[in-house]
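Since every read-out is calculated from the coordinates, none of them should be taken as a lab result. Every value quoted in this text rests on a predicted model; they were computed, and no experiment measured them. All Cβ positions, glycine included, derive from the backbone under ideal geometry; neighbour counts span all protein chains shown.
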Amino acid sequence: MRRVSLLSLALFSSLFAIDFSKEAKVNLELRPRYEYVDVDQSGKKEANALTVRIRTGITFKELFSLKGLDLTFEPWVVTALVRDYAPERSNYELVPDPEQVRINQVFLSYGGKAFNLKVGRQIITFDNHRFIGNVGWRQMAQTFDAVRLDLKPFKDTTITLAYVAAKTGVTEKELGDGASWAFAPDNTNIGDDVAGNDSILFHANYTYKPLSLNITPYAYLLNGMHDTYGLKLNGKMAFQRSFFLSYWLEFAYQKDPTLTSHENGKKNIGASYYFVSLKPGYKFSGGKVFLIAEYEFMEGKDGDETHGFTTPWATLHAHNGWADVFLKYTGTSNQYGLEDARIGIGFKHGKIGVIKAVYHNFKADKSFPGGGDKFGNELDVIYKRKIFKNLHFGAKAAFYDADSEAKNAGLGDKDVTKYWVWLTYKWSR
């Protein structure tokens, strides 16, 4: 009944609004995906999930004949064809893609060359999604009920200000086993006294074109949670046409929240973050090959601090290994901190596709209570290829090998194997 009601609402809204708009643009995305999860000695059955994301959307252009005023409406559906996974079935490993139906985006936008204002439920992402992301890897996205203003005061400068009234996570209910993570449940409704509601986001970028350099200061003030202030420098340098070096240098500091109207207990936070990424490569006819050398540091907590450096609104799957061993940890507590040193190699060709392998070595910033600071190692491998104009194929795998010292942290002490196979079809008119 719920699905029928939502689809009826979407159809009714479309028919009503199209009388007041110049044109309507429609988009459709289908993403069937198989996911396998095996956690060694967890006491649970291996997960086998075959899910499908159906993302539909319509944008009504120039409402009421007002140039620059648009309305976007996006109902999303996640359904499962094979349900051998939690939370759909008990005693199985977790795959955070439960069946659900949601109006994932609905917002008004108005603007021109110098500015754009967006009001409503919307996806917001910045940079590499390390701090603010849409959790796009999961079948349902993370969205924000927000007012967003994008300014372009100068040719190579952009400034974004956003007021976030509430966040909607990737699931509609808690996932069980205590997994009511800050980044997962749909538990933040407008007006509720919930940490994260009524937050302020600031992000700016200046591009210095002669050096292909981006300079990005940012400040994310999450109400009742923490403040994060940071600076990023990234760009790409070319040598003798064929050789290049992509780089990313970033530092951030996290402190007690400035906004405390939704604070649950007094906070004591003071933690640093830095990330260094170097990707040298070589271009050839039709493609390129590149190397990856990266180091990411997230400071743990000292003494009586509330927690270490955390990123609860990030697209966490994109960082610190696809096995998601540290997903909840870096999103909520990061008690001992995390150091992620990684090396990799990649190949991209127009006809063959993209192949990439990355090896991670994980350590803690602080020593564990029982001694040691090693978590484990992980190998991630991915292959992606365009089959037709609107159809893409992907496959990837993650193999986490736990270190014996991790048992003293009670985290990352079990081997994890995951792999995925998927198709993505996109259509618009």
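Let's see if you can work this out: charge +1 on each Lys and Arg Cβ, -1 on each Asp and Glu Cβ, no other charges. What is the dipole magnitude of the stretch 2-428 about its Cα centre, in debye to the nearest 20?
Details: 53 positive and 48 negative charges, 484 e Å.
It works out to roughly 2320 debye.
Considering the options GLY376, PHE243, GLY308, tell which one lies farthest towards the positive end of the dipole of the chain, charges being +1 on Lys and Arg and -1 on Asp and Glu at the Cβ, about the Cα centre.
Ranked along the dipole, the leading option is PHE243.
Round to the nearest 0.05 the FRET efficiency obtained for LYS407 and SER428 when R0 = 45 Å and r is the Cβ-Cβ distance.
Step by step, r from the Cβ atoms, then E = 0.35.
Sort PHE202, PHE239 so that the residue with the fewest other Cβ atoms within 10 Å of its own Cβ comes first and the one with the most comes last.
Sorted ascending by nearby Cβ count, the order is PHE239, PHE202.
Given springs between every Cα pair under 10 Å in a Gaussian network model of the chain, which of PHE251, PHE399, PHE284 has the largest fluctuation?
PHE284
How far is it, in nm, from the label point at ASP156 to the one at LEU81 when both lie 7 Å from their Cα along the line to the Cβ?
Inter-label distance under the simple model: 4.9 nm.
Just grab the label-to-label distance for ALA24 and PHE347, each label 7 Å out from Cα along the Cβ direction, in nm (one decimal).
Taking the two extended label points, one gets 4.7 nm.
Label LEU211 and GLU62 with points 7 Å out from Cα along Cα→Cβ: what is the distance between them in nm?
Between LEU211 and GLU62, the simple spin-label model gives 4.4 nm.
So if each residue of separation counts as 0.36 nm, and I subtract the Cα-Cα distance between VAL119 and ASP304, what length gain in nm does that give?
62.6 nm
Taking only the alpha carbons of the stretch 348-429, what extent do you get along each of the three principal axes, in Å, biggest first?
Computed over the stretch 348-429, the largest-to-smallest principal extents equal 58, 24, 20 Å.
For the chain, what are Rg and Dmax over the alpha carbons, in angstrom?
Gyration radius and largest Cα-Cα distance of the chain: 22.1, 68 Å.
At a 10 Å Cβ-Cβ cut-off, how would you order VAL135, VAL276, fewest neighbours first?
VAL276, VAL135
Each residue of the stretch 341-352 in order: what ³J(HN,Hα) in whole Hz does its phi give by Karplus 6.51 cos²θ - 1.76 cosθ + 1.60, θ = phi - 60°, with x for Gly and Pro?
9, 9, 10, x, 9, x, 9, 9, 9, x, 9, 7
Of ALA195, VAL358, PHE326, which is farthest along the charge dipole of the stretch 2-428 in the positive direction, counting Lys and Arg as +1 and Asp and Glu as -1 at C-beta?
Checking the options against the dipole of the stretch 2-428, the answer is VAL358.
Too long at a 28 Å Cα-Cα cut-off: which of LYS61/LYS152; LYS167/LYS426; LYS328/LYS348; LYS236/LYS267; LYS118/LYS236?
Long pairs (Cα-Cα over 28 Å): LYS328/LYS348; LYS236/LYS267; LYS118/LYS236.
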